[in-house]
1. For the pairs K169/K195; K139/K378; K90/K169, flag any whose C-alpha to C-alpha distance is greater than 28 Å.
2. Contour minus end-to-end for T170 and H289, with contour as 0.36 nm per residue of separation and end-to-end as the Cα-Cα distance?
3. Take the residue pairs K201/K404; K47/K201; K232/K404 and return only those whose Cα atoms are more than 31 Å apart.
4. Got the relative contact order for segment 322-369 handy, in percent, Cα pairs under 8 Å and 6 or more residues apart?
5. If I take R0 = 51 Å and measure r between the Cβ atoms of Y417 and E211 in this structure, what FRET efficiency does the formula 1/(1 + (r/R0)^6) give, to the nearest 0.05?
6. Among 283-290, 322-329, 206-213, how do they line up by average Cβ neighbours within 10 Å per residue, starting with the highest?
7. Can you pull the one-decimal nm distance between simple spin-label points at Q391 and N85, each 7 Å off the Cα toward Cβ?
8. Leaving out ligands, DNA and RNA, what percent of the accessible area of segment 172-211 is carbon and sulfur, probe 1.4 Å?
Amino acid sequence: MAQPDRTFGLIVGIEKYHETAWNVPGGGPADDALKFAHWLHLHGVPKENIRLCLSALEENQQLIGECGLTVELATEQNISDIVTNFLSPKSGDLLYIFWAGHGLITSERERRLLCADANQRNYQNLNLNSLLVYLASDKFQIRNHICIVDACANFPLLLRSQSGELPGKTFFNGQPRKDSQQFVLLATREGEQAKVNSETKTGYFSQAVREAFAAANGTFPPNMREVTKAVKQRFSSLDKKQLPTYFYSRSWDGDIEKSHFNPFDIPHNIPQSQARKFVGRDEQIEQLHQLLQANDVVVISDVTGQGGVGKTELTIQYSWQYLEDYSGGCCWLNPQGIDLGIQLVEFGVVNLPNFNPPDGLSLAGQVAYCWKNWQAGKVLLIFDDVKDWMQIKPYLPPKGSRFKVLITTRQNTGLIYPSLPLGELSPDAALELLAKLLGDEYVQQETETAKKLCELMGYIPIGLYQIAAYSRNRGRVLC
């Protein structure tokens, strides 16, 4: 519970950056932040308790003039000053933080939020992980925090050439409070981009949150678990390759209780999807999940035996969608790469805490060390594109353990494990995929031709991708 007059807000919306190439075309974040600030004020939070930091595009400047609230600079220095000098000593019940703008994830897997004065030479940003720890320390007096972040969590190409840690604003925290609660709702899982609706100039995530707040019928503060459930349901109907996630923590006498594991903290090496569109496999993803609940090892096989049916892509989609269920991690192994044992051990050394195989162990001994010393929680191991069963046999975990194994292979005979046979798409799903690749307009105008193309390609995803690429790259007519 929180009284509105004892509630504070730090609201940030950034669509214009010092690095103009990073500007959000058409805008959206500034308006999303304004709407959130107005929501707070509408529910009784005093204007003087709301600090609103905006950086709007020129065409959206009128929003600032019409808002009726004091608007401040969205620079790193100003935002950090608000946190440490204005909010930190305040006595209150609840702090809302809303952030809409660009974000990224570092090689150290820290979420960073880019400020308005960021550019390619100076990445002015706030370290979100550090901020959350600071808020839960005895240096901050408001003990309850709700953070809503509409920002990406991908690793931009322009950062990959840099070495070392990315500089940014880090908050120096004190001792952990014994009575702090935090609910953090993030627009994206690790590696994903937060999408903006260019037509309505709003983030899809921000809009979903506003709709969920409206459904709370004036309850203040709204139940964030119910809000999150509604937001996730909204995104399940969108084709955005973006899934909001949350975590909640409550500290009492030094203990931290996690009621929902944060996928941001789950170690994994899941590849990024190479598919421009993914359709027609929702039923198979659910079947795969059910098989893995009931069995230690599950195989995705290829009914056609020719490849290209989407085994790897289905596995990638499943791994991202159900990552939260595998708090022990998701380890992707490539039988066509270096020795599987070396891949397995290297994953543990790089990603798992206190994972240090003793010197002198054979490779088999190091693999056995993995099964006994992996971090707690259910684990998903993926062997992608297996051509020789004997090659992976020495690296399968003990039966009945907390390790689940998912294997993809073109083989579809002589399988000794439960399998999910994967073949061509249904005609409707194939047509939907072609429409997403070439545009709805083409399929609507040339429906019969499009159907014949799907049939010609055997309703196989890779064939449809090839015909679409042929059309786009050559500018040729497909009939």
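The values are calculated or read from the model by the stated rules, or taken from the named source; none is laboratory data. Keep in mind it's a predicted model, so treat the numbers as computed, not measured. Please note: Cβ atoms are built from the backbone with ideal geometry, for glycine as well, and neighbour counts cover all protein chains shown. Ligands, DNA and RNA are excluded from the accessible area calculation, which covers all protein heavy atoms including side chains. Shrake-Rupley method; radii C 1.70, N 1.55, O 1.52, S 1.80 Å.
1. Beyond 28 Å: K139/K378.
2. Values: separation 119, 0.36 × 119 = 42.84 nm, distance 3.96 nm.
Gain on stretching T170 to H289: 38.9 nm.
3. On the way: K201/K404 43 Å; K47/K201 25 Å; K232/K404 26 Å.
Too far apart for the 31 Å limit: K201/K404.
4. It rounds to 30 percent for segment 322-369.
5. For Y417 and E211, the calculated efficiency is 0.75.
6. Ranked from most to least packed, the peptides come out as 206-213, 322-329, 283-290.
7. 6.2
8. Using a 1.4 Å probe with all protein chains present, segment 172-211 comes out at 46 percent carbon and sulfur.
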